[in-house]
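Accompanying notes for the structure given below.
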Amino acid sequence: MNRNGNTYTVLYAAIMVVLVAAILASVAMALKPQQVRNIEVEKKQSILASVNIASTPADAEKIYAEKIVNEYVVNVNGEKVEGDAFNTDLKREYAKPVEEMHLPVFECQTEQGVKYVLPLRGTGLWGPIWGFVALDEDMNTIYGANFDHQGETPGLGAEISTPVFEKQFIGKKLFDNKGQLVSIIVAKVGQDAPADHKVDGISGGTITSKGLEQMLLDDFARYEEFLKKKKS
């Protein structure tokens, strides 16, 4: 075959493309189990962080196994249903009709008693935001919170994932004195709101702050019947 001809060039390029694609596919397949494990470890760290337990990638699985004493799935009526809490994908669940949603619950044993961790998912300015909120046994008082995001702006919306912002949620209430769900108001500067339900929003990150506020309200509303039944 003429190595200077077009046919040789096209054939050579095609072979190289196939070889490179095969190599990349093999590498991706080889790395996938480790990538999946890394995602699982990160999720366990986030759940533990919501109950104010520090962990590292090296010890998160051990601490999680010790502290998370129960995990299960409930429906919007607050009833336990079949399902795998840890592997439940909220994005998929929230695309379903409300009556078909499965909502994960994690119970964590702490020195202050059992805490109930609820996962959350919403939308910020540039993409999805998510997190975990831990509640005291009164199913009303926030014990801890951990938030994260996909692409919020550093120094602005991305501040929702900082300890300074997250610590504001500790001790805040979901329900008012009449038992009505108020959730948490992520307030702008000067915005008036009941102290038990208010945290300060991110300066310059109003859309992300309000997205997080809406996420909290929507998701706590989905868990409302579970919270009321567990409390009673």
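The values are calculated or read from the model by the stated rules, or taken from the named source; none is laboratory data. Keep in mind that what you see is a predicted model, and the values were worked out from it rather than measured. Because the Cβ atoms are built from the backbone with ideal geometry, glycine has one as well, and the counts that use them run over all protein chains shown. For accessibility, only protein heavy atoms count, side chains too; no ligands or nucleic acids. Shrake-Rupley method; radii C 1.70, N 1.55, O 1.52, S 1.80 Å.
Residues with beta-carbon under 13 Å from that of residue 75, excluding residue 75: net charge, scoring Lys, Arg +1 and Asp, Glu -1?
Local charge sum for residue 75: -3.
With every protein chain left in place, what is the accessible area of residue 230 in Å² (1.4 Å probe, nearest 10)?
We get 80 Å² for residue 230.
What's the magnitude of the charge dipole for the chain around its Cα centre, counting Lys and Arg as +1 and Asp and Glu as -1 at the beta-carbon? Answer in Debye, nearest 20.
Using only the charged Cβ atoms, the result is roughly 520 debye.
On average over all directions, what projected area in square nanometres does the stretch 27-108 have, based on the convex hull of its Cα atoms?
Mean shadow area of the hull around the Cα atoms is 6.6 nm².
Using a 1.4 Å probe on the protein heavy atoms only, what accessible surface does residue 181 show? Give it in Å² to the nearest 10.
40 Å²
Per 10 Å bin from zero, what fraction in whole % of the C-alpha pairs of the chain is there, up to the bin with the longest pair?
All Cα pairs, binned at 10 Å, distribute as 7, 28, 31, 16, 7, 6, 4, 2, 0 percent.
Distances longer than 16 Å among the Cα atoms of the stretch 53-99: what percent of all pairs is that?
The proportion of pairs with Cα distances above 16 Å equals 54 percent.
Could you point to the residue in 52, 212, 17 farthest towards the positive end of the chain's charge dipole, with +1 and -1 charges on the Cβ of Lys/Arg and Asp/Glu respectively?
After comparing all options, I get 17.
Taking Rh as the Kirkwood radius computed over C-alpha pairs, what is the Stokes-Einstein D of the stretch 104-227 at 25 °C in a medium of viscosity 0.890 mPa s, expressed in µm² per second?
Translational D for this selection: 169 µm²/s.
Rank these residues by their accessible area, most exposed first, probe 1.4 Å: 46, 183.
46, 183
Using the membrane-span-like helix rule (whole DSSP H runs, Cα extent along the own axis of at least 15 Å, mean Kyte-Doolittle hydropathy at least 0.5), which helices of the chain qualify?
6-50
Counting Lys and Arg as +1 and Asp and Glu as -1, each charge on the Cβ, what is the dipole of the stretch 114-232 about the Cα centre in debye, to the nearest 20?
So the dipole magnitude of the stretch 114-232 works out to roughly 260 debye.
Projecting each Cα onto the charge dipole of the stretch 86-156 (Lys/Arg +1, Asp/Glu -1 at the beta carbon, about the Cα centre), which of 106, 141, 131 comes out farthest on the positive side?
With unit charges placed on the Cβ atoms, the residue in question is 131.
Could you compute Rg(Cα) / (2.2 N^0.38 Å) for the stretch 170-232, with N its residue count?
It is 1.18.
For the stretch 72-125, which GluC sites (Glu not before Pro) are in a loop by DSSP, counting at most 12 other Cβ atoms within 10 Å?
Qualifying residues, ordered by number: 79, 82, 111.
With the Cα gyration tensor of the stretch 95-157 giving a ≥ b ≥ c as the square roots of its eigenvalues, does the rule (a/c under 1.5 for rounded; else a/b larger than b/c for prolate; else oblate) give rounded, prolate or oblate?
Here the stretch 95-157 falls in the oblate category.
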